[in-house]
Amino acid sequence: MLLVYTQKITPRITYVFKHVCTQILGIPVSFTSKIEEFVAHEGMKLSYGKQSLANEVFIQNVDLLMEQGVNDLEVKVQDWDDVPCIFAVGEASSIPFDIFAASFYLLSRYEEYLPHVKDKEGRFQASESLAFQEGFLEKPVIEIWARKFSDVLTDKFPNQKFPTRKFRTQTIISVTEAYCYKKKGIVRVVLGLLLDLIRFKPKYILHRLQVMTKMKKDPYDIYTKVIRFLKNYQVPMKFMFQVSDFSTYDRNINYNRLELQSLIKSVADYAEVGLQPGFYANQKFSVLKEEKRRMEEIVKRPVESAINNHYNLLLPDTYNHMVELEFLNDFSMGYPEAVGLRAGTCTPFLFYDLNFEITTPLLIHPYAINSEAFSKLKENEIEYKVLEIKRQISMVDGNLITVFTNKDFSEYANSRRNFSILKTLNEIQ
């Protein structure tokens with residue numbers, strides 16, 4: 001156990017020390033503000049404050065973990081052994097920057113509470129983030145910092161052993177439109193045909209008619225193929241289905257259709273099924289509640305996981321709604337338009353609400369790759385980006401999560417490449 005001395009034990013300190021020390025390094029941590037208890041402790045210990053007490057491991061702090069609310073901070077990036085770091089401190093510190101304040105800044109998504117420029121979807125853009133601007137978006141910097149911190153502890157306490165971590169991968173299949181042409185209803189079919197005619201897309205007209213007459217399988221109906229791949233290559237997968245009402249933003253078939261319900265149930269036999277909330281569910285608690293109820297009615301079990309990989313992630317409202325509805329896992333923490341780690345970590349972490357200064361029970365699983373980002377890359381860049389992010393995360397034995405859609409494995413996409421990427425990601429190094 002690591003005993004931490006600090007003059008004031010704040011919710012922020014408790015939260016971030018537990019993530020870095022326990023979640024990443026695998027060592028339990030406790031806190032004290034009593035010098036006598038700290039001095040008497042014979043095990044591993046460190047002090048966190050403005051000045052050291054004696055000859056212990058000492059991390060000099062900045063004020064961030066002692067504050068409440070959100071302030072406009074000046075954050076300067078510096079290098080430490082070729083690793084970018086923020087919140088530099090004095091030479092007396094065992095580490096030349098406040099690793100815990102830096103980790104908290106990234107984990108809490110502090111910068112997303114500050115004024116920023118949103119994209120046309122209303123989302124916080126990767127280009128607005130400090131990590132993107134300073135060139136460390138693709139590095140799991142919190143895990144890198146934690147490893148260097150563990151070296152400092154080992155030097156001081158050579159008998160301390162740290163549990164070994166294991167590199168893991170997981171793939172999320174987001175299904176916002178289960179079928180391209182199938183079961184859309186007569187009005188949508190007619191409108192679709194008219195649009196294809198106006199846009200002069202004879203291939204789509206032919207495919208639509210073939211699917212309607214059952215001469216061809218729906219292009220988005222790739223579930224058997226993907227599940228077979230899952231089983232052959234033992235790829236851990238989750239399928240997130242949308243069961244929203246039809247709208248300008250959400251275009252799935254009606255959740256009451258037996259075909260959609262049967263599809264969800266059949267997929268649930270092979271992989272965990274979760275919820276892909278719709279546009280209005282992201283904005284209104286009552287809509288999210290209804291969509292969760294619908295999904296639970298279909299699968300006949302509690303729905304514990306969700307992903308919002310397309311619409312704006314409204315912090316902290318989106319996550320607070322999920323907490324209230326007893327979701328346990330969220331897979332939304334990433335950038336659809338860029339490869340990288342939005343929160344600087346590849347280890348699941350609990351959501352911290354900066355408005356109420358509390359640690360919530362919602363576990364955030366950050367993703368590193370979203371197939372949407374491929375559209376902004378050249379073909380020869382995609383493989384390099386995928387291999388590089390895999391290398392970075394495997395070096396710290398982290399979790400590599402990727403997000404695809406069912407459309408990515410259809411004939412309207414580069415399905416061969418996407419299956420190849422899945423295989424590459426899950427090959428043992």
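The values are calculated or read from the model by the stated rules, or taken from the named source; none is laboratory data. Keep in mind the model is a prediction, meaning the values are calculated, not measured. Every residue, glycine as well, gets a Cβ built from its backbone with ideal geometry; the counts of neighbours run over all protein chains shown. SASA here: full protein model, heavy atoms, side chains in, ligands and nucleic acids out. Shrake-Rupley method; radii C 1.70, N 1.55, O 1.52, S 1.80 Å.
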message = For a test of the definition: using alpha carbon positions, the gyration tensor, and the 1.5 limit on a/c, classify the range 206-278 as rounded, prolate or oblate.
response = oblate
message = Can you give me the C-alpha center-to-center distance between the range 29-79 and the range 281-347, rounded to a whole angstrom?
response = 34 Å
ask   = For Met240, which sequence-distant residues (separation of 5 or more, or a different chain) have an amide H within less than 5 Å of its own amide H, given hydrogens modelled in the peptide plane?
value = Ile173, Ser174, Val175, Gly274
remark   = Partner lysines whose C-alpha sits under 28 Å from that of Lys201, ignoring same-chain residues fewer than 8 away, are Lys120, Lys182, Lys183, Lys184, Lys214, Lys216, Lys217, Lys225, Lys376, Lys378, Lys407
query = Hey, got a sec? Which trypsin sites (Lys or Arg not before Pro) in the range 83-181 land in a DSSP loop and have at most 14 other Cβ atoms within 10 Å?
reply = Lys120, Lys161, Lys166
key: Farthest positive-ward along the chain dipole, Cα basis, beta-carbon charges - from Gly26, Gly69, Ser94   = Gly26
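When the accessible area of the range 1-103 is computed with all protein chains present and a 1.4 Å probe, what percentage of it is carbon and sulfur?
So the carbon and sulfur contribution to the accessible surface is 45 percent.
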request  = Starting from the Cα-Cα distance between Lys376 and Arg199, subtract it from 0.36 nm times their residue separation and give me the gain in nm to one decimal.
outcome  = 61.3 nm
inquiry  = Give the residue list of GluC sites (Glu not before Pro) in the range 21-60 that are DSSP loop and have at most 11 other beta-carbon atoms within 10 angstrom.
reply    = Glu42
query = Restricting attention to the alpha-carbon atoms of the chain, what are Rg (one decimal) and Dmax (integer), both in Å?
reply = 23.9, 81
inquiry  = For the range 35-121, what does the accessible surface come to per residue with a 1.4 Å probe? Please give it in Å².
reply    = 51 Å²
key: Probe 1.4 Å, protein heavy atoms only - accessible area per residue of the range 269-424 in square angstrom   = 39 Å²
task = Report, in debye and to the nearest 20, how large the dipole of the range 64-129 comes out about its Cα centre when Lys and Arg carry +1 and Asp and Glu carry -1 on their Cβ.
result = 300 debye
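Would you kindly state how much longer the chain becomes between Lys214 and Lys76 on full extension, computed as 0.36 nm times their sequence separation minus their alpha carbon distance, in nm to one decimal?
Gain in length upon complete extension: 43.6 nm.
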request  = In nm, give the distance between the simple-model label positions of Lys50 and Arg251, each being 7 Å from the Cα along the Cα-to-Cβ direction.
outcome  = 6.0 nm
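Pick out, in residue order, every one of the trypsin sites (Lys or Arg not before Pro) in the range 313-385 that is DSSP loop and has at most 13 other C-beta atoms within 10 Å; say none if there are none.
Here the trypsin sites (Lys or Arg not before Pro) that fit, given the DSSP loop and packing criteria, are Lys378.
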ask   = What is the magnitude of the charge dipole of the chain about its Cα centre, with +1 placed on the Cβ of each Lys and Arg, -1 on the Cβ of each Asp and Glu, and no other charges, expressed in debye to the nearest 20?
value = 2380 debye
message = Applying a 10 Å radius around every beta-carbon, put 199-206, 69-76, 323-330 in order of their mean neighbour count, most first.
response = 323-330, 199-206, 69-76
ask   = HN-Hα J couplings of the range 219-236 from phi, Karplus 6.51/-1.76/1.60, θ = phi - 60°, integer Hz, Gly and Pro as x?
value = x, 8, 7, 10, 5, 4, 5, 5, 5, 4, 4, 4, 5, 5, 9, 6, 8, x
inquiry  = For Lys161, give me every one of the aspartates and glutamates with a C-alpha distance below 12 angstrom, ignoring sequence neighbours fewer than eight places off in its own chain.
reply    = Asp151
task = Please calculate the 1.4 Å probe accessible area of Val211, with all protein chains present, and give it to the nearest 10 Å².
result = 20 Å²
message = Testing the spin-label approximation: label points 7 Å from Cα along Cα→Cβ at Thr154 and Thr424. State their distance in nm.
response = 3.1 nm
